[in-house]
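Just so it is clear, none of the values below were taken in a lab; they were calculated from the coordinates. These figures come from a predicted structure and were not determined experimentally. We place every Cβ from the backbone using ideal geometry, glycine too, and count neighbours over all the protein chains shown.
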Amino acid sequence: MAVLGVGIDVCDIDRFSATLNRTPGLLTRVFTPGERDRTVASLAARFAAKEALAKALGAPAGLSWQDCEIVSESSGRPRFEARGSVAAALADLGCASVHVSLSHDAGVASAVVVLES
């Protein structure tokens, strides 16, 4: 396997919360129904993960926020479920594995994404 892309992003949780309050439509535009009921810190980490995934893919045009969802395995480990535009971008790159790590502490949420062939 070879690394095809790496992305990282950070998000200030208070600023993200203020943005959600100021722009309520952002919640439904960015997050899938399965993601929306999480705490603001968890949402900020998921937003950072979606941004990190776009960076790892090289930020191709036409990606939909709704086409990537962070789900938690029974162990709590996060993973992406990709569909539509995101699944197509991953396939075009020859990606076989997407690794994601989320964190939030001290008012900052962060995510790292690694794509492998």
Most to least packed among 22-32, 78-88, 40-50 [average Cβ atoms within 10 Å]: 40-50, 78-88, 22-32
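Once fully extended, how much extra length lies between Thr23 and Ser75, figured as 0.36 nm per residue of separation less the alpha-carbon to alpha-carbon distance?
In short, 15.4 nm is gained.
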Largest-first principal axis extents, alpha carbons of segment 1-92, Å: 40, 33, 22
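Sort 58-67, 8-17 by the packing proxy (mean of other Cβ within 10 Å over each peptide's residues), most packed first. Don't skip to the answer; put the middle values down first.
Numbers: 58-67: 13.7, 8-17: 16.5.
Order by mean packing, descending: 8-17, 58-67.
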